[in-house]
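Engineer: Structure provided below as structure tokens; questions to follow.
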Amino acid sequence: MKIAIVRKKYTFHGGAESYINSLIKYLIEKGHEIYIYSIKWQAPSDTALPVTFKKIPAIPLNSFLRDLSFAVFGYFILKKDRKNLDIIQAHDKILIQDIYRAGDGCHIQWLKERWKRVSFIKKITIALNPYHWLILLIERTIFKGKKYKKIIAISEMVKKNIVENYSVDPDDIMVIYNAIDYAKFAEINKQQYRRQIREKFGINDNEFVLLFVGSGFERKGVKYLIESAEKVRYPLTVLIVGKGDSEKYKKYIKNQKIIFTGPQKEVEKIYAAADLFVFPTMYEPFGLVVLEAMASGLPVITTKLSGAAELIINYQNGFVIDAPEQIDKIAEYISLLIEDKELYKKLSEESKNTASLFTMERHFKELEKLYEEII
């Protein structure tokens, strides 16, 4: 098959980019021809993939003009090439595709969740921001105008968001959960990297370490993470890994040891240094970091506003709370796992067992099956 992959930027950095790179490698191995439609791309550092790149011109002055021009120019370019392609799979919002992969979830749902939690002044800035109106318009056009043959939702939560906000037929949406390279996280030398990473950040071996990984500190709940840690009577070290404005959150620190590391390479080594993964997000379509943490043998505490929460059963492989504001509940679960070593061991083992089911091979086979249904 001749398959077009549409993505605003095609690079080899970041979770989404790593996923697309793995997908392309898999499809090429299966004998498919791959065409990348993108504003810009970066050549792979490891191996030259036999793909054809097609440029979608965009106006890079700001995010509004970039996304508008990408959607419009992309539509006309892909419409022209349509007859030469078997499948068009879009990973960003565009107005022509066979498969729309809603990897970013549902923008209107994210705005609703954010709206509940911000000040009146912030509500005004959100309401007056033309970028949000543009994304909502494109999103509405895709779903209401049925600019797709099939939608991929990366969690049941995202499927529900799309159905409820845009009255999309549930049969038009296929849930394909995200996947990871399980061995990369499960089979590393945990003791070696635990010692190495803890030394790097000045953490003693006997310290109980909470880990957070993610950029976009507001949406992913760093405020609630720190507040919940401060509610725990035991001494904790909290490692916050990712890109964000750390200064904004230092006012919440009182007694616990909070370390902002910034973005880190080889994040699988960071997981090895931690004891517990806490992800109190206010909206996350899936949350690949949750799956990575589970593969690393870490019990997870997250909210039901994370798609990956669907993989967690309370007291079996982690804990799910209703909302990030439930900091007392988060603190209670942290304390429980410090105190109850047997429960901690059980959750750690079951986390790995759960994560082992979500392999890249299984994921790509589900996707290939969808391709066959569409054509």
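Engineer: Could you list, in sequence order, all residues of segment 299-313 that are in a helix (DSSP H, G or I) and in contact with a Gly (Cβ under 9 Å, 6 or more places away or on another chain)?
Structural biologist: GLY307, ALA308, ALA309, LEU311
Engineer: Further question: For segment 243-266, give me the residue count where each residue is crowded, with 20+ Cβ neighbours inside 10 Å and either hydroxyl-bearing (Ser, Thr, Tyr) or assigned to a helix (DSSP H, G or I) (or both).
Structural biologist: Number satisfying all stated conditions: 0.
Engineer: Can you report the number of residues in segment 57-110 which are more than 18 Å from TYR131 (Cβ to Cβ) and in contact (Cβ under 8 Å) with a residue 40 or more places away in the chain?
Structural biologist: 19
Engineer: So, one more: When the residues of segment 274-283 are filtered to those that are surrounded by 22 or more Cβ atoms within 10 Å (Cβ to Cβ) and not polar (S, T, N, Q), which remaining residue is farthest from PHE185 (Cα to Cα)?
Structural biologist: Looking at residues that are surrounded by 22 or more Cβ atoms within 10 Å (Cβ to Cβ) and not polar (S, T, N, Q), I get TYR283.
Engineer: Looking at the structure I just gave you, is GLY221 within 30 Å of TRP115 (Cβ to Cβ) and in contact with a Gly (Cβ under 7 Å, 6 or more places away or on another chain)?
Structural biologist: Spelling it out, it is not the case that GLY221 is within 30 Å of TRP115 (Cβ to Cβ) and in contact with a Gly (Cβ under 7 Å, 6 or more places away or on another chain).
Engineer: Now a separate question. Take the residues of segment 206-220 that are surrounded by fewer than 22 Cβ atoms within 10 Å (Cβ to Cβ) and of a type in the set (D, E, K, R): which is farthest from the chain's Cα centre (by Cα)?
Structural biologist: GLU207
Engineer: Taking the condition of being over 14 Å from ARG194 (Cα atoms), in contact with a Gly (Cβ under 9 Å, 6 or more places away or on another chain) and assigned to a helix (DSSP H, G or I), how many residues in segment 267-291 meet it?
Structural biologist: So the count comes out to 3.
Engineer: For segment 47-56, does any single residue satisfy the condition of being at pLDDT 95 or above, buried (at least 20 other Cβ atoms within 10 Å of the Cβ) and either of a type in the set (D, E, K, R) or under 17 Å from MET360 (Cβ atoms) (or both)?
Structural biologist: The answer is no, given that none of the residues of segment 47-56 is at pLDDT 95 or above, buried (at least 20 other Cβ atoms within 10 Å of the Cβ) and either of a type in the set (D, E, K, R) or under 17 Å from MET360 (Cβ atoms) (or both).
Engineer: Also, I was wondering about something else. So which residues in segment 221-242 are surrounded by fewer than 22 Cβ atoms within 10 Å (Cβ to Cβ) and part of a helix (DSSP H, G or I), if there are any at all?
Structural biologist: LYS223, GLU227, GLU230, LYS231
Engineer: Looking at segment 314-360, which of the residues that are assigned to a strand (DSSP E or B), in contact with a helix residue (DSSP H, G or I) (Cβ under 7 Å, 6 or more places away or on another chain) and of a type outside the set (A, V, I, L, M) is surrounded by the fewest Cβ atoms within 10 Å (Cβ to Cβ)?
Structural biologist: Of everything passing the filter in segment 314-360, THR359 is surrounded by the fewest Cβ atoms within 10 Å (Cβ to Cβ).
The values are calculated or read from the model by the stated rules, or taken from the named source; none is laboratory data. The shown structure was predicted, so the numbers you read here are calculated from the model rather than taken from an experiment. Positions of Cβ are generated from backbone atoms using ideal geometry, with glycine treated the same way; all protein chains shown enter the neighbour counts.
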